[in-house]
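I have placed the structure first, in the form of structure tokens, so that the comments after it can refer back to it.
The values are calculated or read from the model by the stated rules, or taken from the named source; none is laboratory data. All values derive from a computational prediction rather than experimental measurement. Every residue, glycine among them, receives a Cβ derived from its backbone with ideal geometry; neighbour counts consider all protein chains shown. Please note that ligands, DNA and RNA were not included when accessible areas were found on the heavy atoms of the full protein model with its side chains. Shrake-Rupley method; radii C 1.70, N 1.55, O 1.52, S 1.80 Å.
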Amino acid sequence: MNTNNQSPISPIFPLSSPFTFIKEKYGNKSGKGILNFLFKKRMELNDKPNGGKWYGTKSSYEINEKGRSTEDVYQMTFQSKDPIIPISTPEKAPKKKLSTIGGHGHGVPVEHPTSYGETLMHLLKGNVGSGIFAMGDAIKNAGIILGPIVVLFLGIICLYCQHLLLNVAKKMSTKTAVPSSPDFAETVGLVFAEGPPRIQRFSYFMKRLVNVFLCITQLGFCCVYLVFISENVKQVMDHYGYHMDVHIHMAIVLIPVLLTALVRNLKYLAPFSTVANILMSIGLLITVYYSVQDLPPISERVYVAEVNTMPLFFGTALFAFEGIGLVLPLQNEMKKPKNFKRPLGVLNVGMGTVIVLYILMGFLSYLKYGDSIKGSVTLNLPQTDVLAQSVKIIISLGILLTYPLQFYIPVDVIWPVVLRNIGDLKYPVAGELIFRTILVLFTFVLAEAIPFLHLFISLVGAVSSTALALLFPPVLHLVTSYSYGELTFIQIFFNVCVFICGIIGAITGTYESIYSIVGAFQNYQEG
């Protein structure tokens, strides 16, 4: 029996006189000193062997090396994310640059940050893929005069949106003092969380929505790459008498794709991007060589196409500028991130090059082949020429080496979620390699099982890619400017115009995809 009428569980200090207890134990301290004492006591609880969880709760509250929470939601009774008075705690600067891809990385420091040239290679490879060979068909649906002008306009809008995203991410990183640069999804979450009270409740949902869009878009392109490579290889092999089903080609292609997808570090992916860019450049040069032979006069082509074909143009052109998901990760991985967005930085130089390439390829392809231009201009090249046949192999190799870069983002988004659910692994690297293998096999199964996969991916991409590239950035900029009291009429005007363009792109892209799917199924049933 307790004769002293005291609680059997002693509190941190006597509940009747906490400040007297602190003054007796630690001397006369200011209010800030008392808060420092409370903060240290809270840290002591987190250092207990229970893995940093509060006793008697179901919270998953954890502390990183800087004493900050790694969770978005607190389930404790006391739910304060920030102290009332800023508390200075001693921190040691990390010896190595922390991984900032997705704000999560792979749980290990980034020991190999990328240089200006390596980052430029990644940016070019992330934006120049199989879509560039479809620009002739896109220009056909807009007109040889109007088409290049609209491609230039769309490219500038996409570049503008990428700069908006970079500026918003920098402001949120400075305002919230996050330990690492936020990625696209985390930027969206921070903007809504720090925005007007009416939208703060949507921060968690919007963050997850962006991650879903990113994963759907990138994995969708990975699936299309498998189909693209297999069909091009099959055409070449069939021409030389080696006839095999396209699914067998796809199974063979899976082996090198899987090996490249197991590379975990952007630094080590740089050689892949370099080689892929060289191969794609060779393929483009050969294609341009055939396209400039015996060119007809421009007067034989349609200057401005009919209005009813414009949705097909928008659907193809907008998919060409889908690299916004790479912008923040690539900047965060650089040795000198400031070199990414300066006037002659990676972003402006890279995207300027991409815009010029798309306009040049689309203009020449349509001028050369006119209304007979096919979905990929390589299909218009002479079938009997060895050089023309080599283009398909060269481009297929370039696309194969692009797969791991597109694959990097969904892995970076999904793998941390898997880790949080299964807990710490004894062999984390082996666990990630197994996860990567499973995800590659998932894209392979989809590519094998679903007919007309690339058309269904286009339908999803019409919503997700357009939302990421043209809808989220202006909204984020408007909310951030409003929160900082910097909103002006010019900002409202430009951002609303960009948002309207995004809505038009989403609608027309969806129309183009559904139109193509219906036509493909009709041809399939008739055949």
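For region 320-376, enumerate the residues that are more than 13 Å from K125 (Cα to Cα), at pLDDT 85 or above and among the hydroxyl-bearing types (S, T, Y). If the condition is that a residue be more than 13 Å from K125 (Cα to Cα), at pLDDT 85 or above and among the hydroxyl-bearing types (S, T, Y), then Y358, S365, Y366, Y369, S372 are the ones that fit.
When region 161-189 is limited to residues that are touching a His at 6+ places or on another chain (Cβ under 8 Å) and of a type in the set (A, V, I, L, M, F, W, C), the one that is nearest to I199 (Cα to Cα) turns out to be V168.
Against the test of being out of contact with any Leu (no Cβ under 9 Å at 6 or more places or on another chain) and of a type in the set (G, A, S), the options G431, G423, G398 yield a single qualifying residue, G423.
Every listed requirement among (1) of a type outside the set (G, A, S); (2) at pLDDT below 85; (3) within 29 Å of C215 (Cβ to Cβ); (4) open to solvent by 30 Å² or more (accessible area, probe 1.4 Å) is met by V496 save one, (2). Out of everything in region 295-309 that is in a loop (DSSP other than H, G, I, E, B) and without any contact (Cβ under 8 Å) to a residue 40 or more places away in the chain, what residue ends up being least open to solvent (accessible area, probe 1.4 Å)? Among residues in region 295-309 that are in a loop (DSSP other than H, G, I, E, B) and without any contact (Cβ under 8 Å) to a residue 40 or more places away in the chain, the one least open to solvent (accessible area, probe 1.4 Å) is P297.
Here are some residues: L285, L312. Which one is aliphatic (A, V, I, L, M) and in contact (Cβ under 8 Å) with a residue 24 or more places away in the chain? Can you show your working first?
Details: L285 fails: in contact (Cβ under 8 Å) with a residue 24 or more places away in the chain.
Of L285, L312, the one residue that is aliphatic (A, V, I, L, M) and in contact (Cβ under 8 Å) with a residue 24 or more places away in the chain is L312.
In this structure, D385 does satisfy being surrounded by fewer than 15 Cβ atoms within 10 Å (Cβ to Cβ) and either within 26 Å of the chain's Cα centre (by Cα) or without any contact (Cβ under 8 Å) to a residue 12 or more places away in the chain (or both). Applying the criterion of being open to solvent by less than 30 Å² (accessible area, probe 1.4 Å) and either charged (D, E, K, R) or part of a loop (DSSP other than H, G, I, E, B) (or both) to the residues of region 194-225, the residue that is nearest to L455 (Cα to Cα) is K207. When region 226-283 is filtered for residues that are open to solvent by less than 60 Å² (accessible area, probe 1.4 Å), outside any helix (DSSP H, G or I) and farther than 18 Å from T437 by Cα, only G241 remains. Filtering region 155-193 to residues that are within 30 Å of D137 (Cα to Cα) and open to solvent by 10 Å² or more (accessible area, probe 1.4 Å) leaves I156, I157, L159, Y160, H163. The residue that is surrounded by the most Cβ atoms within 10 Å (Cβ to Cβ), among those in region 452-483 that are modelled with pLDDT under 80 and aliphatic (A, V, I, L, M), is I457. F493 meets each of the listed conditions (1) in contact (Cβ under 8 Å) with a residue 12 or more places away in the chain; (2) hydrophobic (A, V, I, L, M, F, W, C); (3) closer than 30 Å to N141 by Cα apart from (1). Would region 374-382 turn up any residue that is open to solvent by less than 30 Å² (accessible area, probe 1.4 Å) and not in a helix (DSSP H, G or I)? Looking for residues that are open to solvent by less than 30 Å² (accessible area, probe 1.4 Å) and not in a helix (DSSP H, G or I), one finds at least one in region 374-382, hence yes.
Rundown of residues vs (1) open to solvent by 50 Å² or more (accessible area, probe 1.4 Å); (2) farther than 21 Å from C222 by Cα; (3) in contact (Cβ under 8 Å) with a residue 40 or more places away in the chain, yes/no style:
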position	(1), (2), (3)
V413	no, no, yes
G423	no, yes, no
G431	no, yes, no
R436	no, no, yes
F444	no, no, yes
I450	yes, no, no
